[in-house]
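The values are calculated or read from the model by the stated rules, or taken from the named source; none is laboratory data. The structure displayed is predicted, hence computed values, not measured ones. Glycine also receives a Cβ, built like all others from the backbone with ideal geometry; neighbour counts cover every protein chain displayed. Side chains included, ligands, DNA and RNA excluded: accessible areas come from the protein's heavy atoms. Shrake-Rupley method; radii C 1.70, N 1.55, O 1.52, S 1.80 Å.
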Amino acid sequence: MKKTLVSLVALMGLTLVVASCQKEQSVAQFSASMEQCMDENTKTVLVGSGLEWTNTDQIKVYDNIGGSAVYTANPQTPATTANFTHVSGSVSEAPFTAIYPAEYALSRNSFNLPATQYTEDGSLAKFPMVAETNTDALNFKNPFGALKINLTTAGVSVKSIAVTSSSNMNGDYTFSFSGESVNVSFAGNGSNTTTLVCNTAQDITSGKDFFIPMLHGNYTNIEIVITTNTGAVCTKTLKAGRSINITRSAITTINLSNLDFVLNAPDGALNALFSVSPDQQVFFSKGNLQYVGATNTWQFAANQYEYLGAANNNPTAASTIDLFGWGTSNYNGKAPYMNSTANNDYAWEGLNSHIAATSFDWGVNNAIDNAGVAGTWRTPTYAEFNYLLTGRANASQLFGMATVMGIKGLIVLPDNWVLPEGGHFTAGENRNGYNTNKYNDAAEWAVMENAGAMFLPAAGCRRGDVYDNTDPRVGNIGEYWTASSSSNDRAADVYFRGNALNASSQRDKFHAHAVRLIQNAF
């Protein structure tokens with residue numbers, strides 16, 4: 001049912017023709033009549049075309065002896081009236097009650113309003129309606145009012161809006177009729193937050209209305225959380241002591257414009273988005289993965305430029321290390337401190353192409369002490385790392401060699417990079433190598449990091465039980481595992497040195513490399 005909300009969407013009355021002693025079901029005919037909508041502020045009748053049935057709309061009808069039936073609309077094109085076809089069930093004896101949409105119905109006199117609702121364009125796709133009759137006509141009424149949130153901010157597309165209040169916002173409701181009036185009461189199983197999710201993100205540059213059904217009443221402590229299609233968040237709260245009043249079959253409007261959105265990064269993540277495919281953005285962890293043997297736990301390095309170097313030499317179960325053989329997530333005997341030089345000792349059995357989405361992935365198998373629960377993080381695949389460094393828009397201008405706090409490595413910038421005031425950066429591979437970009441103190445680097453810059457330190461490599469500390473490799477070579485492999489013996493990694501970057505390198509699986517995890521943004 002498409003609601004064109006100049007007037008409140010479900011403000012239409014509908015008539016269902018059902019024979020009072022009907023034994024067999026046949027096509028039922030509906031006609032629509034308008035229940036007028038009063039604007040809460042002006043008390044004037046709003047005008048508009050209102051409601052159109054589509055061929056996905058269904059209602060549920062209950063009779064007086066325990067029967068129920070579902071009917072579906074089947075107009076050739078969206079229309080204000082439509083024929084309805086019997087789908088299932090049986091009704092026969094008046095009085096009848098009916099509920100729209102059918103999937104909200106719980107019983108003859110109750111329905112559920114979901115905590116999460118979905119829309120294509122911001123309108124009330126499924127605004128609840130109820131009806132009761134002793135004859136053959138069901139005249140639908142609107143048990144709720146609606147909160148209309150008008151949003152205007154240039155260059156922003158909204159993915160979801162969550163409204164929280166001090167009162168219940170959704171759940172199970174019962175209804176009854178007193179003549180032409182409908183009475184609705186909350187019956188339980190609800191929450192104080194209703195979220196409207198846009199199936200297609202909605203551009204609010206020129207202003208856009210979003211509608212959320214609410215039971216009549218006075219609502220205080222209102223908080224509205226708006227999330228964009230890039231994961232950025234804006235939170236607005238009603239001023240202390242203020243409230244909004246919702247009345248049945250009426251619209252209450254809140255206007256919000258020139259909103260400030262802040263990326264809401266998860267714990268342990270950089271506050272920036274990086275594209276790893278045309279349709280997937282991710283957060284990168286704030287530091288390289290570390291295993292703490294003394295406690296058998298995992299953590300991210302406290303700083304992006306931190307690596308443990310020679311501490312990886314001859315690792316034992318009690319070691320704290322940050323270089324790992326491929327797939328050594330502590331799953332199925334693949335310990336992070338493994339030092340075998342036989343490739344087939346590592347994660348490969350039956351997984352010849354990847355460890356993505358398996359427990360051999362460090363992020364999938366392990367909780368990260370300073371960054372959430374198990375399964376939250378994962379290792380980038382070869383294709384994702386390659387897209388990040390060579391495939392996304394303007395990719396060649398979004399990486400560069402650098403030295404941060406005396407540590408050599410690779411800087412990778414987020415998608416929507418804007419050089420911050422006081423920052424400096426030269427992109428690409430450069431003959432100056434790690435001296436291309438130098439950040440000599442914490443304050444100088446913080447300017448870049450706070451703007452979303454990622455730094456991958458040249459953490460070196462361990463082969464078996466030996467950390468390679470021979471010049472010029474020590475502190476000059478960076479190798480980062482992906483979740484992908486090309487054979488039982490070799491896996492894909494990202495390799496860089498001072499003046500070169502290879503986003504499609506292959507290495508023996510017994511080589512121990514650094515790991516930088518990611519988390520999907522949406």
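Tell me, yes or no, whether the range 412-434 has at least one residue that is in contact with a Ser or Thr (Cβ under 6 Å, 6 or more places away or on another chain), under 23 Å from Phe283 (Cβ atoms) and of a type outside the set (S, T, N, Q).
Quick first cut of the range 412-434, residues in contact with a Ser or Thr (Cβ under 6 Å, 6 or more places away or on another chain) only: 415, 426, 428, 430, 434.
Now narrow it down to the ones that are under 23 Å from Phe283 (Cβ atoms): 415.
Cutting the leftovers down to of a type outside the set (S, T, N, Q) gives us 415.
Among the residues of the range 412-434, at least one is in contact with a Ser or Thr (Cβ under 6 Å, 6 or more places away or on another chain), under 23 Å from Phe283 (Cβ atoms) and of a type outside the set (S, T, N, Q), which makes the answer yes.
Summed over the range 143-157, the residues that are of a type in the set (Val, Ile, Thr) and within 30 Å of Val182 (Cα to Cα) give a count of 1.
Please work out if Asn245 is in contact (Cβ under 8 Å) with a residue 60 or more places away in the chain, open to solvent by 70 Å² or more (accessible area, probe 1.4 Å) and over 30 Å from Ala374 (Cα atoms). Spell out the reasoning first.
Numbers: in contact (Cβ under 8 Å) with a residue 60 or more places away in the chain: yes; open to solvent by 70 Å² or more (accessible area, probe 1.4 Å): no; over 30 Å from Ala374 (Cα atoms): yes.
Criteria not met by Asn245.
Return yes or no: is Asp121 of a type in the set (Asp, Glu), open to solvent by 10 Å² or more (accessible area, probe 1.4 Å), in contact (Cβ under 8 Å) with a residue 24 or more places away in the chain and outside any loop (DSSP other than H, G, I, E, B)? The answer is no for Asp121. Residue count for the range 263-278 under the criterion of being out of contact with any helix residue (DSSP H, G or I) (no Cβ under 9 Å at 6 or more places or on another chain) and part of a loop (DSSP other than H, G, I, E, B): the result is 7. Consider the range 142-159 and keep the residues that are surrounded by fewer than 21 Cβ atoms within 10 Å (Cβ to Cβ) and of a type outside the set (Val, Ile, Thr). The one that is farthest from Ile254 (Cα to Cα) is Gly155.
Listed here are the residues, each with its yes/no results for (1) modelled with pLDDT under 95; (2) surrounded by 23 or more Cβ atoms within 10 Å (Cβ to Cβ).
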| site | (1), (2) |
| --- | --- |
| Asn386 | no, no |
| Asn416 | yes, no |
| Asn432 | yes, no |
| Tyr439 | no, yes |
| Val466 | yes, no |
| Pro472 | yes, no |
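Meeting the requirement of 1 or more residues that are acidic (Asp, Glu), the helices (runs of 4 or more DSSP H) wholly within the range 353-451 are 382-386, 442-450.
Step by step: first the residues of the range 53-67, then only those that are of a type in the set (A, V, I, L, M, F, W, C) and over 19 Å from Asn112 (Cα atoms), then the one that is surrounded by the most Cβ atoms within 10 Å (Cβ to Cβ). Which residue is that? Please lay out each step first, then the result.
Step one: list which residues in the range 53-67 are of a type in the set (A, V, I, L, M, F, W, C), which gives 53, 59, 61, 65.
Now narrow it down to the ones that are over 19 Å from Asn112 (Cα atoms): 53, 65.
Values: Trp53: 24, Ile65: 9.
So, considering only residues that are of a type in the set (A, V, I, L, M, F, W, C) and over 19 Å from Asn112 (Cα atoms), the one surrounded by the most Cβ atoms within 10 Å (Cβ to Cβ) is Trp53.
Just to be sure, is Asn314 within 24 Å of the chain's Cα centre (by Cα) and part of a loop (DSSP other than H, G, I, E, B)? For Asn314, the condition - within 24 Å of the chain's Cα centre (by Cα) and part of a loop (DSSP other than H, G, I, E, B) - is not met. Within the range 259-317, the set of residues being under 21 Å from Ala514 (Cα atoms), among the aromatic types (Phe, Trp, Tyr) and open to solvent by 30 Å² or more (accessible area, probe 1.4 Å) comprises Tyr305, Tyr307.
Identify, from the list Thr358, Thr328, Thr376, the residue that is closer than 18 Å to Arg516 by Cβ and at pLDDT below 95. Show your work before the answer.
Working: Thr358 fails: closer than 18 Å to Arg516 by Cβ; Thr328 fails: at pLDDT below 95.
Within the list Thr358, Thr328, Thr376, the selection yields Thr376.
Quick check: anything in the range 256-269 touching a Ser or Thr at 6+ places or on another chain (Cβ under 8 Å), β-branched (Val, Ile, Thr) and more than 21 Å from Phe399 (Cα to Cα)? No: the range 256-269 contains no residue that is touching a Ser or Thr at 6+ places or on another chain (Cβ under 8 Å), β-branched (Val, Ile, Thr) and more than 21 Å from Phe399 (Cα to Cα).
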